[in-house]
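Student: Submitted below is the structure of interest, expressed as structure tokens.
FYI, it's all coordinate maths here, none of it is from the lab. This structure is a prediction, so every number in the text was calculated from the model and none was measured. Positions of Cβ are backbone-derived with ideal geometry, glycine not excepted, and every protein chain shown enters the neighbour counts.
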Amino acid sequence: MKRIVYAGALTLAAAAPLYAGAPAEPVVEAPVYTPAPAPAAYAGGDWTGFYAGGQLGYADIDGTGAADGNGGTYGVHGGYNYDFGRYVLGGEVDYDKLDIDLGGAATADSVARLKLKAGYDLGNTLVYATAGGARADTSLGSDNGGFYGLGVAYKVSDKFTMGGEVLKHNFDDINGSGVDADATTFTLRGSYNF
């Protein structure tokens, strides 16, 4: 009988590992709360600072009667921008030299501008509107007028910016001559940022 008891105990001992993986009540873990990620901070470009450079362009002038003409322009500019985050405000002075015959009635020699600029910071790109006062020098004399336009600037590097502008000018009764002129200029610009 002892052999039967030993054999039974041995059978139970050998079978015990078989019950080790027997199904048990599942353990349910509480869900882990993960907060939603915070919106990313705005990572625009930094447009604050002084800049100076040059431009090449084209002017199309429509004057009174046959006083029309067009031709190339070249000049210099300098200014300062202040970046408020998404918005940029600035001021600029520029000067363009031109030599445009206005249908034999006169010649347009140069234009200087004092600009106010307001733009939107897109990172390495700045789009802006500009307006201000302009002074045109012609063979009829000099006259003041206004202008407005749009521009874009792209940061090639921290120190160098490329861009372009389209400006619409208006000059009335140039130096009392009775000649009015509307001019549209297109320029490509390069600037060094200080």
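Student: Straight-line reach from residue 117: which aspartates and glutamates have Cα under 19 Å away, leaving out those fewer than 8 places along the same chain?
Tutor: Within the straight-line cut-off, residue 117 pairs with 46, 83, 92, 94, 96, 165.
Student: Here is a follow-up. Just to be sure I understand: if I project the alpha-carbon convex hull of the range 49-193 onto a plane and average over all orientations, what area do I get in nm²?
Tutor: Values: hull surface 29.2 nm².
Directional mean of the projected Cα hull area for the range 49-193 stands at 7.3 nm².
Student: Are there chymotrypsin sites (Phe, Trp or Tyr not before Pro) in the range 30-129 that DSSP puts in a loop and that have at most 12 other Cβ atoms within 10 Å, and which ones?
Tutor: Answer in residue order: 33, 42, 84.
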